[in-house]
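The values are calculated or read from the model by the stated rules, or taken from the named source; none is laboratory data. Just so it is clear, the model here is predicted, and its values are computed rather than measured. As a convention, Cβ positions derive from the backbone with ideal geometry for all residues, glycine included, and neighbour counts pool all protein chains shown.
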Amino acid sequence: MRPGELIGRWPLLRQVREGDAFGLGRAVQSTRTQELRPRTDAAQHVVQSICPYCAVGCGQLVYVRDGKVDQIEGDPDSPISRGRLCPKGAASKNLVTSPSREYKVKYRPPNGTEWEELELGQAMEMIADRVIETRKATWQKQGDSGAPTERTMGIAMLGGATLDNEENYLIKKLAMGLGVVQVENQARI
């Protein structure tokens, strides 16, 4: 490229030549900036979702390409967040696409030093067995004052902030049915 052409491409000279004194028009666009495209342009479809991190429930748009999450951004149509996401919500693509994400149930037995992979069904059975055993071992028919209690103090439940009212209602009903009285929700912590 000749020196005259190179100098003619300088943004300041282009601003003067094109009458763009504030540098807001074509004069400040390089070939590279003209070729830039939003990373969401390549998405094959967009799915509306809700951020999984807290109880606010910010709306998200999940951009999918080739069957994989390509980008996650705030949903401008969400009446809650109006397109905005906090730093955790903005980084939630990493929650889905991280190479360190686990896809199998991991279990480390008592006094074990290594994690073992379990089938989901087996893990669910182990949890159910432990709930039943703990309930039996810690059941209280009456409290210290002699008043009837019919409860267990050996189990506690913690609900998640991203659960909706119906899911929290069902968890509370399950807890009460098991005699669990120590029930809390992460949204209040």
- Item | Odd one out for residue 93, checked against (1) in contact with a strand residue (DSSP E or B) (Cβ under 9 Å, 6 or more places away or on another chain); (2) surrounded by fewer than 14 Cβ atoms within 10 Å (Cβ to Cβ); (3) of a type in the set (D, E, K, R) | (2)
- Subset of region 130-156 that is within 30 Å of the chain's Cα centre (by Cα) and outside any strand (DSSP E or B) - its residue that is surrounded by the fewest Cβ atoms within 10 Å (Cβ to Cβ): 130
- Working only within region 106-148, note down all residues that are under 26 Å from residue 186 (Cα atoms) and in contact with a strand residue (DSSP E or B) (Cβ under 8 Å, 6 or more places away or on another chain). 106, 107, 108, 120, 123, 126, 131, 134, 135, 138, 139
- Query: Which ones in region 1-33 are polar (S, T, N, Q) and either at pLDDT 80 or above or in the same structural domain as residue 75 (by TED's automatic domain parsing) (or both)?
  - Reply: 33
- Note on the structure: Within region 37-52, restricting to residues that are of a type in the set (A, V, I, L, M, F, W, C) and over 28 Å from residue 160 (Cβ atoms), the one that is nearest to the chain's Cα centre (by Cα) is 43
- Going by the structure shown, is residue 14 out of contact with any helix residue (DSSP H, G or I) (no Cβ under 6 Å at 6 or more places or on another chain) and charged (D, E, K, R)? no
- Go through (1) in a loop (DSSP other than H, G, I, E, B); (2) without any contact (Cβ under 8 Å) to a residue 12 or more places away in the chain and name the single condition residue 42 misses. (2)
- For region 16-36, name all the residues that are under 38 Å from the mean Cα position of the chain (by Cα), of a type outside the set (A, V, I, L, M) and assigned to a loop (DSSP other than H, G, I, E, B). 29, 30
- Unique match (being small (Gly, Ala, Ser), surrounded by 16 or more Cβ atoms within 10 Å (Cβ to Cβ) and in a loop (DSSP other than H, G, I, E, B)) among 100, 81: 81
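Just name the residue that is nearest to residue 56 (Cα to Cα) out of those in region 137-189 that are of a type in the set (Val, Ile, Thr) and without any contact (Cβ under 8 Å) to a residue 12 or more places away in the chain.
189
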- Item | From the options 113, 97, residue that is β-branched (Val, Ile, Thr), under 30 Å from residue 71 (Cβ atoms) and under 30 Å from the mean Cα position of the chain (by Cα) | 97
- Message: Would you confirm, using the coordinates I've provided, whether residue 117 is in contact with a Gly (Cβ under 9 Å, 6 or more places away or on another chain), outside any helix (DSSP H, G or I) and more than 28 Å from residue 177 (Cβ to Cβ)?
- Response: no
- Answer with yes or no whether residue 60 is touching a Cys at 6+ places or on another chain (Cβ under 6 Å) and either surrounded by 12 or more Cβ atoms within 10 Å (Cβ to Cβ) or assigned to a loop (DSSP other than H, G, I, E, B) (or both). yes
- What's the number of the condition residue 123 fails, among (1) in the same structural domain as residue 68 (by TED's automatic domain parsing); (2) farther than 30 Å from residue 59 by Cβ? (1)
